[in-house]
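Derivation of every value follows stated rules applied to the coordinates shown; laboratory data play no part. Remember, it's a predicted structure, so these values are computed and weren't measured experimentally. Reconstructed Cβ throughout: ideal geometry from the backbone, glycine too, with neighbour counts over all protein chains shown.
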Amino acid sequence: MFLSSKDKIREKEFSIIFEPEHRSKVWKIIEEKFHEYFNMIIKDACQSPVSEIDRLKKKFSNVSPSVNIGQYLDVEMSSEIENFEKTQKTYKNLFSKANIEEYASDTKLFRSDLKNECPVIRGLWNSKDEELKKWKEAYKYSNDDELYEVMANIVNFSHAYAKSMKKKQYGENDDYAKLNFDCLDGIKDDTEPDYGLVGVVGYGIMSIIMYHFYPQYFPLHLSGGIYALYFLSDKYEIGMPSKSSEFLMIDDSHWDGDMHFKMKHNYFYPYRLYTWYALRLYRLLKTECAKHNFTLDDAYRYVYLNSFCWDVCRRHTEEIRTMVGADEDPNKRFWY
C-alpha cells in the first residue's frame with residue numbers, strides 16, 4: 001500500500017484484503033512458504049547440535065552426533081519466553097488494577113511514569129531515531145486525561161476479553177469476525193471507549209500492552225510480524241490496485257529523484273485480520289514442532305510465534321535494510 005494514495009484507492013485495498021477469495025489466495029502462499037522457512041530452522045538445528053557433550057565429541061573424536069531437533073527448538077523458543085517473562089513483570093506491575101485506579105486522580109503523574117517506567121514508551125522517548133520526532137511532539141502535547149483513559153481502556157479490554165473468551169474456542173477459531181476485535185480497529189459506536197490516540201497510541205503500543213498480559217490472545221502488531229507476513233506471502237501484491245503488498249506501507253511522499261521510496265511494515269494493517277493470520281500461523285508452527293516432539297504451550301502462543309517471525313526476518317536482513325533505509329538496523333527489535 002502507498003502512504004499517500006488517494007482515499008478511494010486506500011479504501012478499496014482495505015476492503016479487498018478482507019475478501020474470502022483474496023484471503024484464500026494469500027493464505028495458500030503463506031502456508032507453502034511457512035514450510036520452507038520452518039525447514040530452514042531444521043537445517044540450522046542440524047548444523048548446530050545443542051549438547052556441549054556432542055560438540056566435544058565432534059571436535060575430538062570426529063563423530064557427528066545425532067541431532068535432537070526438538071531440543072534445539074526448545075532451547076531457541078524457551079529463550080524467547082524467558083525474555084518475555086522478564087518484561088512482562090514490568091507491564092503487569094505498572095498497569096496493575098491498583099495503579100490504574102490510583103492514576104485516575106493524577107493523570108499527569110501517569111504520563112510521567114509511563115515515560116520512565118513503561119518499556120515501549122521509554123524506548124520510543126529515548127530513541128535518537130529522527131522519524132520519532134513527530135511521535136515525541138504528539139506525546140508531549142497530548143492531553144493527560146485522554147492518554148490515561150486510552151491506556152486504561154486497553155488494559156481493561158484485555159482483562160475482560162481474557163475472562164470471557166474460552167481457550168478452546170479461540171484456539172480453533174477461523175473467522176476473524178468472531179475474534180471480536182472490531183473495536184480495536186475503530187469499528188464501534190460513540191458510546192464505546194477508545195483504544196487509540198491519534199499520533200500517540202496505535203496498534204504497536206496497544207498490542208504490546210495486551211500481549212504482556214495475555215500472550216495467548218493478543219499477537220504483537222509490530223514490524224517483525226508484519227514483515228514476516230510480507231516474506232511469507234512471497235512479497236506478492238495479489239490483486240491490489242496499487243500493485244504493492246498489503247503488508248507494506250510505501251512512503252511515496254518523499255523520494256530521492258530515482259523513485260526510491262522507504263518501505264515500512266504496514267502499521268495500519270487491521271488488527272483483527274492480522275490476528276487471523278497469526279492464529280493460523282501458530283497452528284502450523286505447533287503442528288510442525290509436535291512432529292519433533294516439542295509441544296508448544298498455548299499460554300505462550302504468540303511468544304512462540306514472535307520467535308518464528310523474527311527468525312523469518314533475520315534471513316532478509318539486507319533486504320529490510322534497503323527497504324527501511326541503510327541508516328536503520330533491521331534486526332533491532334521494538335522496545336517491549
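So here's what we get for this one:
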item: Nonlocal amide H pairs with Lys262, under 5 Å, H built at 1.01 Å; result: Asp251
item: Size descriptor, Kirkwood hydrodynamic radius, that averages inverse alpha-carbon separations across the chain, Å; result: 21.5 Å
item: Most mobile of Ala278, Ala290, Ala152 in a GNM of the chain (Cα contacts under 10 Å); result: Ala290
item: Projected label distance in nm at Asp234 and Asn156, using a 7 Å step from Cα toward the beta-carbon; result: 4.7 nm
item: Summed side-chain charge close to His35 - residues other than His35 whose Cβ falls under 13 Å, Lys, Arg +1, Asp, Glu -1; result: -1
item: Theoretical ellipticity at 222 nm over the chain - DSSP helices of four or more residues, -39500 (n - 2.57) apiece, nearest 500; result: -19000 deg cm²/dmol
item: GNM top mover of Ser164, Ser223, Ser245 - the chain, alpha-carbon springs below 10 Å; result: Ser164
